[in-house]
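**Student:** Have a look at the structure that comes next, please.
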């Protein structure tokens, strides 16, 4: 696979971390949201640099978590995510090769508050974040939130520099 820099925003905190926090806030029960709120300061301190790695980690987390034997009911999700990821890789590479996006300019994402803009590459990355929260929600619905290692995911995503 060709490695390249995503169309990262130049200012503000990481849209990937914010997107993950917002997605989790929507699905976590109240007692878990209290834990999530404890990460707000760390999340605000993140920078967009490394967002491609954060997003890819979210997708890998989703696939690996869905493939665990205790979550065999989600095997179909893992297969779908792998196929979709391959398709997105092809689309993303073609888009990257065929166009140039000015850093920090693009359609504002619904998950990112205020005036922070994201480019097309970050839109794809935010979809990968969504895959992770979809898997988390599916596991919680069947096995409860204790079976979802969402804090581990969030901590790893925040740690990326």
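**Student:** Return the residues of the range 35-46 that are over 19 Å from residue 139 (Cβ atoms) and either within 14 Å of the chain's Cα centre (by Cα) or touching a residue at least 40 places away in the same chain (Cβ under 8 Å) (or both); say none if nothing qualifies.
**Tutor:** 39, 42, 43, 46
**Student:** Same structure again: Kindly indicate the residue of the range 53-67 that is more than 9 Å from the chain's Cα centre (by Cα) and over 16 Å from residue 13 (Cβ atoms) and also surrounded by the fewest Cβ atoms within 10 Å (Cβ to Cβ) among those meeting that condition.
**Tutor:** 64
**Student:** Considering (1) at pLDDT below 60; (2) part of a helix (DSSP H, G or I); (3) closer than 17 Å to residue 12 by Cβ, say which one residue 106 fails and leave the rest.
**Tutor:** Every condition holds for residue 106 apart from (2).
**Student:** Determine which member of the set 8, 100, 32 is at pLDDT below 65, crowded, with 17+ Cβ neighbours inside 10 Å and either over 14 Å from the mean Cα position of the chain (by Cα) or outside any helix (DSSP H, G or I) (or both).
**Tutor:** Sole residue among the options that is at pLDDT below 65, crowded, with 17+ Cβ neighbours inside 10 Å and either over 14 Å from the mean Cα position of the chain (by Cα) or outside any helix (DSSP H, G or I) (or both): 8.
**Student:** Is it true that some residue in the range 68-84 is assigned to a helix (DSSP H, G or I), modelled with pLDDT of 80 or more, touching a helix residue (DSSP H, G or I) at 6+ places or on another chain (Cβ under 7 Å) and farther than 17 Å from residue 127 by Cβ?
**Tutor:** No, the range 68-84 has no match at all.
The values are calculated or read from the model by the stated rules, or taken from the named source; none is laboratory data. Everything numeric here is computed off the predicted structure, so don't read it as measured data. Positions of Cβ are backbone-derived with ideal geometry, glycine not excepted, and every protein chain shown enters the neighbour counts.
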